[in-house]
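The values are calculated or read from the model by the stated rules, or taken from the named source; none is laboratory data. This one's a predicted model, so the numbers in the text were calculated from it and none came from an experiment. Methodologically, a virtual Cβ is constructed for each residue, glycine included, from the backbone with ideal geometry; neighbour enumeration extends over all protein chains shown. All accessible areas refer to the heavy atoms of the entire protein, side chains included, with ligands and DNA or RNA removed. Shrake-Rupley method; radii C 1.70, N 1.55, O 1.52, S 1.80 Å.
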Amino acid sequence: MTLGFGVVGTGAIGREHINRITNKLSGGKIVAVTDVNQESAKQTVEQYQLDAIIYPDDKALIADENVDAVLVTSWGPAHEATVLAAIEAGKYVFCEKPLATTAEGCMRIVEAEMRHGKKLVQVGFMRRYDSGYVQLKQAIDKGFIGEPLMIHAAHRNPTVDPRYTTDMAVVDTLIHEIDVLHWLVNDDYKSVQVVFPKKTRNALEHLRDPQVFIIETKGGIVINVEVFVNCRYGYDIQCEVVGEEGIVKLPEPAGISFRKDVTLGTKILTDWKDRFIDAYDVEIQDFINSIQKTGEPKGPDAWDGYIAALTADVCVKAQQTGEKEDITLEERPAFYRKNAVCEAVVKN
Ligand SMILES: NC(=O)c1ccc[n+]([C@@H]2O[C@H](COP(=O)([O-])OP(=O)(O)OC[C@H]3O[C@@H](n4cnc5c(N)ncnc54)[C@H](O)[C@@H]3O)[C@@H](O)[C@H]2O)c1
């Protein structure tokens with residue numbers, strides 16, 4: 001069966017997902033679209049020559065019987081209402097992050113999904129589908145480095161939009177590390193403290209940059225994540241896990257090495273879209289395949305959306321207080337399994 005997608009939000013990532021479902025992946029078809037900007041929805045249908053109905057809003061789109069799955073790519077504050085309406089109608093949901101802008105909102109989605117009685121929702125945390133992170137996770141799970149003790153990570157952007165504010169370092173940037181790192185070491189977060197090093201002169205007046213987040217897990221692992229969004233030299237994601245018996249490190253993205261002008265080098269990417277382009281393809285293909293094979297999505301779920309939202313709230317608080325702040329998660333319901341390796345990427 002082909003999975004019929006209804007897309008809510010035809011902006012940048014909505015169009016990218018439409019393109020990959022239509023032209024790159026198998027098993028899915030765009031059957032409906034909507035956007036508060038109806039002109040954008042119309043342009044999208046024309047641009048990708050879609051055989052899709054343009055609806056005035058998400059409610060009408062969800063009610064279409066040909067829509068099996070709702071792809072939520074609208075602005076963050078609109079996600080919760082659409083996801084809840086889709087669950088109510090018993091439709092599958094692929095929701096770009098954030099699942100909801102508050103932990104309470106995510107919890108409402110968790111409760112609605114549990115009431116429905118079957119998993120419907122996947123959240124767009126694509127790093128779990130990046131082959132580098134999957135290799136790290138496999139090595140850790142197999143005990144290759146013994147017990148993990150520390151993680152050193154960095155998230156660097158060359159530059160950011162002038163509207164980027166200090167808290168966006170958490171909700172737009174660190175959010176991906178928040179999701180992937182607890183999954184990587186199969187642990188839960190316990191506390192966070194934020195340290196602001198000397199400020200770069202390349203950051204605008206209103207922005208604290210760089211920032212270092214020191215996160216402790218319940219198991220005692222200490223994680224430091226540098227967020228540096230005016231690093232100038234490129235888009236650079238680093239992750240090194242230090243264990244009792246050794247160290248594993250995220251591979252660098254593939255690229256030719258060159259010898260030129262008395263330099264031996266490799267180009268560094270500048271655009272985040274290029275860094276995780278394969279992971280986006282794999283995550284959506286996995287969403288389609290899992291539903292077709294098992295009737296449920298297997299990727300990051302609504303509980304992971306809740307963990308991310310709650311942890312992000314505490315990280316923002318820690319930015320403001322400068323103190324070590326407790327991350328107190330609700331108990332994970334049995335409905336939500338823990339930290340499975342993304343089988344779509346794992347070959348052995
Ligand atoms: N996983 C990732 O790495 C990643 C990357 C980019 C964006 N995102 C997330 O995807 C979402 C969209 O980001 P974007 O960059 O495409 O933004 P965008 O502004 O380019 O597009 C959003 C679109 O949603 C529409 N919209 C807003 N509210 C709506 C509503 N209630 N109903 C229907 N349409 C509505 C807007 O008109 C716009 O066309 C954001 O939540 C963002 O955080 C995730």
* What pairs can you find where one residue is in region 51-65 and closer than 7 Å to T34 by Cβ and touching a residue at least 40 places away in the same chain (Cβ under 8 Å), the other is assigned to a helix (DSSP H, G or I) and more than 10 Å from the ligand (Cβ to nearest atom), and their Cβ atoms are less than 7 Å apart, with a gap of 6+ or different chains? -> D58/A85
* Can you tell me which residue within region 1-21, out of those that are more than 19 Å from A85 (Cβ to Cβ) and assigned to a loop (DSSP other than H, G, I, E, B), is nearest to the ligand (Cβ to nearest atom)? => G11
* Only residues that are open to solvent by 50 Å² or more (accessible area, probe 1.4 Å) and without any contact (Cβ under 8 Å) to a residue 24 or more places away in the chain: list them for region 196-213, please. => F196, P197, K198, K199, R201, E205
* Output yes when any residue across region 90-98 is away from the ligand (no atom under 16 Å from the Cβ), assigned by TED's automatic domain parsing to the domain that holds G299 and small (G, A, S), and no when none is. => yes
* To do: Quick one: count up the residues across region 175-193 that are touching a residue at least 40 places away in the same chain (Cβ under 8 Å) and open to solvent by 10 Å² or more (accessible area, probe 1.4 Å).
  => 7
* Structure fact -> (1) under 30 Å from V83 (Cα atoms); (2) open to solvent by less than 60 Å² (accessible area, probe 1.4 Å) all hold for A139 apart from (1)
* Asked: Counting only residues that are basic (K, R) and away from the ligand (no atom under 14 Å from the Cβ), how many does region 252-290 have?
  -> 3
* Structure fact -> Filtering region 100-112 down to residues that are in a helix (DSSP H, G or I) and open to solvent by 50 Å² or more (accessible area, probe 1.4 Å) yields E104, R108, E111
* Asked: Among the residues of region 61-84 satisfying the criterion of being within 11 Å of the ligand (Cβ to nearest atom) and assigned to a helix (DSSP H, G or I), which is surrounded by the fewest Cβ atoms within 10 Å (Cβ to Cβ)?
  -> P77
* Asked: Can you tell me which residues in region 113-130 are over 30 Å from A254 (Cβ atoms), in a helix (DSSP H, G or I) and open to solvent by less than 10 Å² (accessible area, probe 1.4 Å)?
  -> E113
* Hits in region 26-50 - residues which are open to solvent by less than 30 Å² (accessible area, probe 1.4 Å) and not small (G, A, S) -> I30, V31, V33, T34, D35, T44, V45, L50
* What about E296, is it within 16 Å of the ligand (Cβ to nearest atom) and in contact with a helix residue (DSSP H, G or I) (Cβ under 9 Å, 6 or more places away or on another chain)? -> no
* Residue in region 162-174 that is within 14 Å of the ligand (Cβ to nearest atom), among the polar types (S, T, N, Q), in contact (Cβ under 8 Å) with a residue 12 or more places away in the chain and out of contact with any Pro (no Cβ under 8 Å at 6 or more places or on another chain) present -> yes
